[in-house]
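Data block below; observations after.
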Amino acid sequence: MVSDEADRPAGTRTRVSAFLFRHPRLRLGGLLGAPGLWFLVVYLGALVVMYATAFWHLDAFTGLVVKQFSLANFKSIVDVPVYRTVILRTAGIAAAVALTDIVLGFPVAYYAARLAPARRRTAVLIAIVLPLWANYLVRIFAWKLILSPGGLLEWLFAKAGMHVTIGSSLVAVWIVFCYLWLPYVILPIYAALERVPGSLLEASSDLGARGWRTFRKVVFPLIVPGIVAGSIFAFSLTLGDYIVVQLVGKSAFIGNVIYDSVGIANDIPFAAAFALVPLAIMSIYLFVAWRLGAFEAL
Amino acid sequence: MESRTVSLAIRVGTGLVLAFLYIPLLIVVIYSFNNSVSQTWPITSFTTRYYSFAWHDPDVRTALATSLTVALFATLLAFFLGSLAAFAVHRFQFFGRNTVSFVLVLPIALPGILTGIALNTTFNNSVRPIPFGVLTIILGHTTFCIVVVYNNVLARLRRTGSSQVEASMDLGADGWQTFRYITWPAIRTAVIAGMLLAFALSFDEIVVTNFTSGTELTIPKFIYNNLRQPRNRPVVNVVAVVVLLVMTIPVYIAQRLAGAEAGTAAGRRATLRGDTEPGL
Amino acid sequence: MRRLTTACAVMGALAFVAAACGSSNTPSGGGAAAPKVYNSIGQGEGALKLIAWNGYTEDGSNDPNYDWVHPFENQTGCKVSVKYADTSDEMVTLMRQGGGSVYDGVSASGNATNKLIAGGNVAAIDPALFPEFTNVISPLQPATGTNNSHYVVNGYVYGVPYMYGPNFLMYNTNLVKPAPKSWDITFEPTLNGKANPYAGKLTAYNDPIFIADAAVYLKTHNPSLGITNPYELTSDQLDAAVSLLQAQKPLLAKYWALYTDEIDGFNNKSIVAGTAWPINLTYTKDSAPAAAVIPSEGVTGWADTWMISANAPHPNCMLEWMKYTMEPKVQAEVGVWYGAAGSNTKSCDLIAKSLGKGGAQLVNSVEYSFCGNVDFLNSLYLWRTPQAACGDDRGNTCMDYSVWSQKWTEITGA
């Protein structure tokens with residue numbers, strides 16, 4: 001394209017620009033150098049340092065790290081039954097949250113994608129996203145106000161003549177997680193629904209399929225990837241959280257085991273080892289999703 | 001395809017879910033006027049005095065200053081690094097290109113606690129321990145803010161295509177002129193939207209902050225700490241409401257900027273925090 | 001898929017890194033080397049960063065009548081900032097942040113102090129710098145005390161004693177009748193042949209050290225176990241305490257680590273009885289009818305010490321703070337606010353006077369942790385870190401803290 005820059009009275013800027021143009025590697029290096037270095041040093045380096053400590057252990061009395069290779073941490077994750085309970089509990093609630101959010105999110109996504117007029121669609125989308133930015137702690141705290149004994153929910157039930165207290169429990173944790181991650185689930189479903197071509201629906205209708213059948217045979221297969229994507233968010237975010245359980249829960253989740261190991265017992269080696277658990281679960285989850293072909297349409 | 005009943009059911013469902021999203025926030029607003037320290041319902045008497053408490057609380061002011069400083073610097077750094085990475089990935093084919101998106105998205109895709117612990121361990125164990133403070137918070141926040149700018153800019157670059165850039169070069173413009181007159185106007189709104197979201201993300205962050213801040217107080221840390229002080233909870237409610245109002249402004253603007261021309265779903269989703277598909 | 005392979009490769013590489021890094025270093029162990037000793041107080045640095053228990057550093061923000069931080073700031077020019085911790089382990093972790101250079105000092109209990117001393121995280125001080133040492137209650141005296149091993153090690157004095165107190169039984173006076181005399185209402189599924197009426201409305205402290213509270217209960221109620229000291233438990237004794245706690249768990253509304261969880265529970269009546277710190281009582285009485293009792297089995301407790309970091313960024317301000325917090329006036333204020341007893345016995349006289357009791361009359365009430373009462377202090381099973389060495393003829397057969405932690409995780413996580 002540009003081959004005549006040498007003929008022109010070249011300013012420094014032009015020369016630099018031309019030089020860079022002829023040396024794409026250099027340009028690439030210039031562009032990627034700073035962010036690449038940042039990530040290597042600040043982030044990836046830190047991750048490697050952390051995971052390397054998984055093979056160390058703590059001195060029982062001083063609580064200081066003993067820098068000797070050992071598999072003790074991994075052994076206790078496997079051997080101590082309570083960790084299995086915690087992992088199963090977390091994965092169970094994470095799955096329940098993902099499912100609930102899909103059920104809750106579907107009507108909103110459907111409304112925004114197919115029923116709402118253009119202007120209202122933007123309004124609904126903004127309405128879905130905005131709560132994400134209300135401070136995360138505040139949103140948990142709001143539920144603490146509602147769910148705790150003497151709170152709004154108990155009062156409402158009392159008005160209806162029932163005595164129900166949720167307080168600090170798995171149910172409370174489930175509700176709060178559903179609330180926190182709902183927008184993350186709605187958006188991919190919305191995106192998938194929006195991409196379903198209207199012509200397919202017409203064709204289905206022309207061929208005599210009624211609403212439900214069209215949905216089941218045409219729409220649903222097309223939005224599965226969106227649903228899976230949404231469930232990935234809900235699932236992985238639940239796996240890593242510890243604050244929700246601290247504030248409204250009763251029994252430890254994976255995140256709490258990790259947090260307590262670090263923030264309280266200062267057992268970074270064990271925390272690092274345990275932190276492989278959510279990583280492994282997510283890898284399996286993503287692998288299964290991939291085998292199901294859920295990524296292809298994304 | 002929808003029958004009238006189905007359509008009605010979906011509308012009602014949408015209304016209920018939106019109510020589910022907003023009622024808790026409304027509750028916090030109501031509680032910020034609660035006169036009593038006890039947090040039971042119904043509220044018996046109302047007051048605005050905690051707003052003046054919060055306004056005069058030196059901790060709130062320090063926390064606000066720190067939060068703003070951190071968010072500002074993290075956003076600027078993220079702008080710089082995220083845009084560079086986006087250009088690199090858009091313009092070049094190179095070995096490991098797909099890995100870049102994946103790595104950039106990791107700090108958000110992995111649980112924040114991992115990022116927090118990793119940074120904490122490193123700062124503690126580096127050859128000369130790095131003192132925890134504003135600097136370390138900025139380092140942590142930048143790491144997960146980069147991806148927001150990156151996603152926004154990359155999505156826009158992909159949409160604008162390269163024909164205009166080529167035309168500009170053909171007409172004799174140098175690299176800078178092309179950037180100044182062609183590329184920048186095309187990506188400007190995406191960059192601003194990305195920065196606003198990065199700012200909001202940093203302002204809201206608690207997990208990584210907890211592990212990288214030492215004694216430094218940010219607004220989320222103030223909230224987290226004071227939830228533990230039985231008599232300070234009314235002030236927390238007030239700060240929560242103010243944060244709520246302050247946060248919605250940048251997010252709203254960002255949504256409008258990104259949404260105005262972002263006709264496609266991909267563009268809109270890319271502006272979202274949590275849009276963490278690692279270039280799948 | 002390629003990503004998974006990459007991840008596996010990375011993990012493999014990490015194993016090598018760890019193996020390579022980890023060949024030589026062993027822990028420095030019990031701090032055998034001579035520690036750093038502060039023996040003079042210089043010009044203040046203008047700032048002070050503390051780790052403290054809630055209620056130990058009031059600056060008037062919770063109650064304008066209780067403020068001993070601002071007078072200190074005005075007096076010394078050291079601006080105080082505080083990080084509150086919920087457990088002793090958390091304090092140790094915080095003190096080790098940034099190589100120990102983030103915080104100047106900590107109000108450490110006995111189950112943190114010896115870890116910090118052994119880890120070389122805190123420095124010793126010269127007691128001569130602190131004239132108020134003469135008024136410290138006798139068991140805690142650095143040279144002659146009988147109950148000072150939590151802060152005096154190998155003759156070195158690590159810090160200054162602050163408050164001590166019990167983990168007593170707090171209960172709702174309207175809903176728990178008759179007033180309890182034993183911990184049994186918090187541990188037993190059945191009382192007097194009937195189901196425990198408070199089941200589902202109890203609480204316990206969420207920390208491995210709470211196992212000691214169960215051991216104290218078993219010491220009286222199951223003498224065949226032969227428990228002599230709740231922190232020196234053999235495998236069988238520990239297992240008995242653990243099964244008691246496992247049986248207790250269904251009776252609990254929830255554990256508290258955040259002290260507000262217990263206070264909130266009392267306020268909204270979802271909790272009516274459980275172990276508590278004196279400060280929890282102070283707050284709970286704001287809006288619920290509550291009282292505390294020392295049950296017949298005895299109680300665990302703590303004697304807290306202000307300790308200075310070996311790498312304190314503001315050592316002179318910290319030393320000034322240690323000096324200041326020994327003053328009777330300050331400890332009296334803390335005592336009234338927190339409900340703990342000041343180690344400076346003169347603070348007890350001040351409290352007695354303010355209550356109109358006059359003279360040297362002791363403050364003989366659980367509300368002030370029996371301030372100045374030596375027998376009460378000696379009756380407390382003060383928090384300390386369990387070690388393999390039992391400290392008696394059983395040798396190294398006791399369960400160390402790592403076992404306690406793991407058991408605690410098994411109890412609470414299940």
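Each reported figure results from applying straightforward, stated rules to the coordinates on display, with no laboratory input. A quick note: this is a predicted structure, and the numbers were derived from the prediction, not measured. Here Cβ is always computed from backbone atoms with ideal geometry, including for glycine, and neighbour counts include all displayed protein chains.
Quick notes
- Pairs of Cα atoms in the range B:57-270 fall into 5 Å distance bins, from 0 up to the last occupied one, in shares of 1, 7, 13, 16, 17, 15, 11, 8, 6, 3, 2, 1, 0, 0 percent.
- Column: log10 I(q)/I(0), Debye, Cα scatterers of the range B:1-149, q = 0.09, 0.20 Å⁻¹: -0.60, -1.16
- Of the residues B:198, B:125, B:83, the one whose Cα sits farthest toward the positive end of the charge dipole of the range B:57-270, with +1 on the Cβ of Lys and Arg and -1 on the Cβ of Asp and Glu, is B:198.
- Net dipole in debye of the range B:57-270 [+1 Lys, Arg Cβ; -1 Asp, Glu Cβ; about Cα centre; nearest 20]: 300 debye
- Extension gain (nm, one decimal) between residue B:22 and residue B:36, 0.36 nm per residue minus Cα-Cα: 2.7 nm
- Label-to-label distance, nm, for residues given as residue C:128 and residue A:205 (7 Å Cα→Cβ offset): 9.7 nm
- Of C:323/C:407; C:194/C:254; C:49/C:115; A:67/C:249, pairs whose Cα-Cα distance is over 29 Å: C:323/C:407; A:67/C:249
- For the range B:111-164, the share of alpha carbon pairs falling in successive 5 Å distance bins from zero is 4, 16, 19, 17, 11, 9, 8, 7, 5, 3, 0 percent.
- DSSP beta bridge pairing in the protein assembly as shown, given as percent antiparallel to the nearest 5: 65 percent
- For chain B, averaging the sequence separation of C-alpha pairs within contact (under 8 Å, six or more residues apart) and dividing by the residue count gives a relative contact order of 29 percent.
- Normalised by the number of residues in chain A, the mean separation of alpha-carbon contacts (under 8 Å, six or more apart) gives a relative contact order of 23 percent.
- HN-Hα J in Hz across the range C:377-384 - Karplus 6.51, -1.76, 1.60, θ = phi - 60°, x for Gly and Pro: 4, 5, 7, 6, 8, 5, 3, 8
- Relative packing of A:165-174, C:145-154, B:106-115, which averages over residues the other C-beta atoms within 10 Å, highest first: B:106-115, A:165-174, C:145-154
- Taking Cα centre as origin and charging only the Cβ of basic (Lys, Arg, +1) and acidic (Asp, Glu, -1) residues, the dipole magnitude of the protein assembly as shown rounds to 3400 debye.
- Cα-based equivalent ellipsoid of the range B:62-134: semi-axis lengths in Å, sorted from largest, via gyration tensor: 27, 18, 12
- Evaluated at q = 0.06, 0.08 Å⁻¹: base-10 log I(q)/I(0), Debye formula over Cα of the protein assembly as shown: -0.48, -0.83
- For the range A:157-166, 3J(HN,Hα) computed residue by residue from phi via the Karplus equation (6.51, -1.76, 1.60; θ = phi - 60°) reads 5, 4, 4, 7, x, 10, 10, 10, 10, 9 Hz, glycine and proline entered as x.
- Residue-averaged [θ]222 nm for the protein assembly as shown, counting only DSSP H segments that reach four residues, each worth -39500 (n - 2.57): -17500 deg cm²/dmol
- Fraction of the pair-distance distribution of chain C above 39 Å, Cα-Cα pairs, percent: 22 percent
- Projected over all directions and averaged, the alpha-carbon convex hull of the range B:73-177 occupies 8.6 nm².
- For residue C:357, the aspartates and glutamates whose Cα falls under 17 Å of its own Cα, not counting residues fewer than eight places away in the same chain, are C:333, C:349, C:367.
- For the range B:50-56, backbone phi angles converted through the Karplus equation (6.51, -1.76, 1.60; θ = phi - 60°) give residue-by-residue couplings of 5, 5, 6, 3, 5, 4, 8 Hz, Gly and Pro being listed as x.
- For peptide B:136-142, the mean count of partner chain Cβ atoms within 10 Å of a residue's Cβ comes to 2.
- Label-to-label distance, residue B:167 versus residue C:228, with points set 7 angstrom from Cα along the beta-carbon direction: 9.3 nm.
- Of C:300, B:160, C:114, farthest towards positive along the dipole that unit charges on Lys, Arg, Asp, Glu beta carbons give the protein assembly as shown: B:160
- Take the Cβ atoms of residue C:374 and residue A:156, set R0 to 45 Å, and the FRET efficiency comes out at 0.25.
- Inter-label distance, nm, simple model (7 Å from Cα along the C-beta direction), residue B:176/residue A:220: 6.1 nm
- Here the calculated FRET efficiency for residue C:70 and residue C:258, from their Cβ-Cβ distance with R0 = 22 Å, stands at 0.25, rounded to the nearest 0.05.
- Stretchable slack from residue B:5 to residue B:53, in nm (0.36 nm times residue separation minus alpha-carbon distance): 12.1 nm
- Summarising the amide proton neighbourhood of residue C:382: residues at separation of 5 or more, or on other chains, whose placed amide H is nearer than 5 Å comprise C:301.
- For the range C:60-111 versus the range A:26-40, the gap between their alpha-carbon centres in whole angstrom: 43 Å
- When peptides B:211-224, B:4-17, B:135-148 are ranked by their average number of other Cβ atoms within 10 Å per residue, the highest-first order is B:135-148, B:211-224, B:4-17.
- Compared with the dominant principal axis of the Cα atoms in chain B, helix B:184-204 is inclined by about 30°.
- Chain A: translational diffusion in µm²/s, Stokes-Einstein, Kirkwood Rh over Cα pairs, 4 °C, 1.567 mPa s: 55 µm²/s
- Chain C - charge dipole about Cα centre, Lys and Arg +1 at Cβ, Asp and Glu -1, debye rounded to 20: 560 debye
- Cα long-axis angle, helix B:58-91 against chain B (0 to 90 degrees, to the nearest 10): 20 degrees
- With 0.36 nm allotted per residue and the present C-alpha distance subtracted, the residue C:246-residue C:414 stretch has 59.6 nm of extension available.
- Sorted from greatest to least, the principal axis extents spanned by the alpha carbons of the range A:205-263 come out as 62, 19, 11 Å.
- Close amide-amide hydrogen proximity is noted between residue A:57 and A:66, A:68, each under 5 Å apart and 5 or more residues distant or on a separate chain (H modeled in the peptide plane; Pro and chain starts excluded).
- Normalised by the number of residues in the range C:110-263, the average gap of Cα pairs under 8 Å and 6 or more apart makes the relative contact order 19 percent.
- For residue C:220 and residue A:119, a Förster radius of 60 Å and the Cβ-Cβ distance give a FRET efficiency of 0.20, rounded to the nearest 0.05.
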